[in-house]
Amino acid sequence: MKPEKYTRHILGVLGMLLCLGSVGQNEAAVCFHDDEYRYQPVKLIDIEHLTAKLSIDPYEKMVSGNASFLFRQTRSYVDSVVFFAPDFSINYVRIDRKDAAYRQNGDSLIISLPANTRKGATHELSVDYVVRPTFDLFFIGWDDTTGRRTKQIWAHRPYRWLPFADDRLTVDMFVTFDEKYMVFSNGVREKVVRNNDKTTTWHYKMYRNHPFFSTALVIGDYRVHEFMTKKGLPCELWYYPDRAGNVGPTYRHMAEMIAYCENEFGLPYPYEVYRQAPVADYLYGGMETTTSTVFGDFMHIDERAFWERNYVNVNIHELVHQWFGNYVSHLRPMDVWLTESLATYYAKLFEREVYGENHYQWERIREKQRVLAAGKKDRLPLAHSGSGVDRWYPKGSLVLDMLRDELGDKDFRRVMTHYLKKHAYQEAWTPDLMRAVQEVTGRSADHFFEQWVLRGGEPELEISQEISGNKLQLRIRQIQETDELRPLFRFPAVIEIHYDDGSISSLNAFISQAELTVDHQWEGSKKVAFVLFDPGERILKIMNFPRSAETLLAQASGAGNLIDRYEALTALRTTDISAKKEVFIDQFRREKFHLNKAEILSQLSGDSGSQCRELFTVALADADPLVRRAAINNLKTHHKPSNEQEIRMLSDTSYSNIVSALKKLTELFPEKTSDYLQLTAHERGFPGLNIRIEWLRIAINAGQHEYIPELVDYSGRSFDFLTRINAMNALLFLRYLDEVSASHIVEAANHWNFRLRPVAESVIKNYFNDSLKNKMILKAYADKGIDLPAGLVE
């Protein structure tokens, strides 16, 4: 074992610590989490340009390609270079048009450099190959014998279909494919040439360098909506021909997003074009490949589906990545927060511009919930390659909120503009952003970054208050576990004292010790209604602050920020309904946002009195679909909705509301099931045919078995993964399995889509103890020539 590897092993055993500086008597160590990816990457060559020529056979799932790289040797005496090229069948490798020696070792293609290559000189490396990718380049619908499935090919990374080595480069991409389909890739579309064999060759060109990993390829049946921004940027919004009416809802606020980013970042969009395309069976929300974002077609929505999962947040997130991620890319895996946190943060800010302050605070609540849940598993820092999406996205976003609070709005924006301009078309790492703060403001942000970015955990505060006459004493204790890796937190905090006459006192405190006492005295006879520690929840923390029901009710109705009212409402969940009903009903009428209205409905749903029944009547007719959804989900038999209300619920503008209404009403009033089914018989829903599949589940469960073949059909490969998931879950609820559905489920359990696969595996495990169903599953595995998973065999 090499010395550095041995050191990393020992440090891992000791809690993954990295301690800087020698430690002797009376000396202190500065400790951080170790990360095997903290090192700057070794770079033997600088790849400057790629010319790729690809021909793709979708039925054979085969790529025939030639990848020609121009590279400059950055070190003397480099004997070989390595590309990621798993399962590539190599026809030849040439350097400067002469055959070169190479070997394949596992996933690596190792190419020997001739002795005459030298540091500083530019050389051409050409790899001619054939490959059948098993992942990363996905072939959709080409094996659907019914012809109903959308036919597509897509990749959001260049792995497994191009020889890959991590670098920034310019590109010429030539793709030849059936002339009936359109081809989507990165950069300017230079030329589209129709060939004599009914194929078309598409040429895309990246004039400015970008991270090679941010390369896309999409082939399918599309149309394109084009527009030009006010500053002259050409934009292409690709869409499915049968969803032409979805362009508006899908790409809502597109022009505003681009203008917002250019204004906020202080520099124009950094490439020549921007385009987007939906793709089938997509694994995530979207991916910011340079100039050309791809996203899941479950967000290629109509107006009614806008309230299910719309594309706005993902859209702005991926657009921000064109600056933070492509224009400036992160250097090391532990710096991924520089791209993901910033994209999440600016997406949140854009939505505040469009949807208002309450929406922004709602997003911050959800971010905090994810971060604190992740903190229960481990205490890895934000800047760590293993921190995961629940830190890179929401924690980084909340940390950037705090950094902006500390620097001020103007300086924060100046810092980000400076950072982008200084590292244009380059890689950057965390110290570069820290340095940008110092260069722009003259201030050091080192302690902020050490505490919130480079170290893990969050402060946990225990707060108590004591009021005597016109005196208040607030005790604040940090009770989280501390050690060399996680010392006490240091941060400023605001304390607001709200009085019964509506006046407010505001105090500033600096939390740096294990315990701090804050005293405040006021003149006159007014009384304290409630105290807010950190109004607006600006500090990422866990807070234990016991307060009386009277105090919490005053905060729930009197705090100015939605986030503070919500904190009080949730703290009242265990309070008896009779003690809070009057205040809650009054507050429901005054609330303007669905989050707090939904919380009130949830807490009052068990009350059968006339006031609460009337509250639900009002909520079911609310203009906000999310308030109506909360009312439907919390409905009880004692609310006794009228026929008119039931009809309105089952014809809601939101697909998900109809799904919820169908499920809820048939559970509460099963004797009226046939009426509910009749009212919704022609609804399909989106995504995943959500209404139709819920309708089928209820109808079949009610004895209408003639609909079983339709439900079974939806579990097969002719449909998108969300439809298949909904169908399989419905079949599991019904405990139904036949040979056709068994075949569909086994195929799904071995699918490359990691969102589909675990659902199918779970269904199989649920069925495996039933002897009849067990036989059908075993037969399906045998018919497909697939080995049973080890976990399924006793």
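For the range 161-205, carbon and sulfur atoms together expose 47% of the accessible surface, with a 1.4 angstrom probe and every protein chain in place.
Measuring against 30 Å, Cα to Cα, the residue pairs Lys205/Lys230; Lys376/Lys664; Lys43/Lys377; Lys377/Lys580; Lys191/Lys230 contain Lys376/Lys664; Lys43/Lys377; Lys377/Lys580 as the ones spanning a longer distance. Measuring only protein heavy atoms, the 1.4 Å probe finds Ser112 accessible over about 50 Å². For Asn310 and Asp519, what is the calculated FRET efficiency with R₀ set at 56 Å and r taken between the beta-carbons, to the nearest 0.05? About 0.70, to the nearest 0.05.
Relative to one another, the C-alpha centroids of the range 111-128 and the range 494-573 are positioned 67 Å apart.
Label sites at Ala790 and Ile365, each approximated as a point 7 angstrom past Cα along Cα to Cβ, lie 4.5 nm apart. Loop-located GluC sites (Glu not before Pro) in the range 447-530 (DSSP state not H, G, I, E or B) with no more than 14 neighbouring Cβ atoms inside 10 Å: Glu481, Glu484, Glu523. Give me the dipole magnitude in Debye, nearest 20, for the range 314-392 about the Cα centre, with unit charges on the beta carbon: positive for Lys and Arg, negative for Asp and Glu. The calculated dipole for the range 314-392 is roughly 400 debye.
Are there GluC sites (Glu not before Pro) in the range 285-350 that DSSP puts in a loop and that have at most 15 other Cβ atoms within 10 Å, and which ones? Passing both the DSSP loop test and the Cβ count: Glu303.
Solvent-accessible area of Asp787, all protein chains in place: 130 Å² (probe radius 1.4 Å, heavy atoms, ligands and nucleic acids excluded). In a reduced charge model with +1 at each Lys and Arg Cβ and -1 at each Asp and Glu Cβ, the range 162-288 shows a dipole moment near 320 debye about its Cα centre.
Taking other residues whose beta carbon is less than 12 angstrom from the beta carbon of Tyr239, and scoring Lys, Arg as +1 and Asp, Glu as -1, yields -3.
Long hydrophobic helices in the chain, taken as whole DSSP H segments with a C-alpha length of 18 Å or more on their own axis and mean Kyte-Doolittle hydropathy at least 0.5: 721-734. By a 1.4 Å probe calculation restricted to protein chains, Tyr355 has an accessible surface near 80 Å², given to the nearest 10.
The trypsin sites (Lys or Arg not before Pro) of the range 709-743 meeting both criteria, a DSSP state outside H, G, I, E and B (loop) and at most 15 other C-beta atoms within 10 angstrom of the site's C-beta, are Arg735. The residues neighbouring Ser525, those whose beta-carbon lies less than 15 Å from its own, together hold a net charge of 0 under the Lys/Arg +1, Asp/Glu -1 convention. Taking a cut-off of 39 Å, what percent of all Cα-Cα pairs in the chain are separated by more than that? So the portion of pairs separated by more than 39 Å is 49 percent. Along its first, second and third principal axes, ordered by size, the range 469-628 spans 54, 45, 26 Å in Cα coordinates. Quick one: go through the range 145-183 and flag any residue whose amide nitrogen is under 16 Å from the point 7 Å out along the Cα-to-Cβ line of Ser89. What the label zone holds, given the 16 Å backbone N cut-off, is 161. Given a 1.4 angstrom probe, I'd like the percentage of the accessible area of the range 261-377 that is carbon and sulfur, rounded to a whole number. Roughly 50 percent of what the probe reaches on the range 261-377 is carbon or sulfur. Short to long, the 5 Å bins of the Cα pair-distance histogram for the range 154-291 hold 2, 9, 17, 21, 21, 17, 9, 3, 1, 0 percent of all pairs. In the range 754-794, the portion of solvent-accessible area held by carbon and sulfur atoms comes to 52 percent [1.4 Å probe, whole percent, DNA, RNA and ligands not counted]. Centre-to-centre separation between the Cα atoms of the range 232-260 and those of the range 284-358: 14 Å.
The peptide list 202-208, 658-664, 544-550, put in order of mean Cβ contacts within 10 Å with the highest first, becomes 658-664, 202-208, 544-550. Distance between the modelled labels on Lys231 and Ala373, one decimal in nanometres: 3.7 nm (7 Å Cα→Cβ projection). Near Asn209: Cβ cut-off under 11 Å, other residues only, Lys/Arg at +1 and Asp/Glu at -1. The net charge is -2. Gain on full extension, evaluated as 0.36 nm per residue between Asp409 and Ala29 minus their Cα-Cα distance, stands at 133.3 nm. Averaging over all projection directions, the Cα-based convex hull of the range 711-794 occupies 4.9 nm² in the image plane. Over the residues of the chain, the helix contribution to mean residue ellipticity at 222 nm works out to -11000 deg cm²/dmol, using -39500 (n - 2.57) for each DSSP H run of at least 4. Note on Asp143 and Ile467: the model spin-label points, each 7 Å out from Cα along the C-beta direction, lie 6.8 nm apart. On a per residue basis, the range 384-465 carries 37 Å² of accessible surface, using protein heavy atoms and a 1.4 Å probe. Computed extension length for Asp500-Thr617: 38.9 nm, one decimal, from 0.36 nm per residue of separation with the Cα-Cα distance subtracted.
For the chain, the dipole from Cβ point charges (+1 on Lys and Arg, -1 on Asp and Glu) about the Cα centre works out to 860 debye, to the nearest 20. Solvent-accessible area per residue in the range 166-309 equals 37 Å², computed with a 1.4 angstrom probe and all protein chains kept.
The values are calculated or read from the model by the stated rules, or taken from the named source; none is laboratory data. Note that the coordinates shown come from a computational prediction; the quantities given were computed from them, not determined experimentally. Neighbour counts are summed over all protein chains in view; Cβ atoms, including those assigned to glycine, are modelled from backbone coordinates with ideal geometry. Just so you know, the surface numbers come from the protein's heavy atoms only, side chains and all, with ligands and any DNA or RNA stripped out. Shrake-Rupley method; radii C 1.70, N 1.55, O 1.52, S 1.80 Å.
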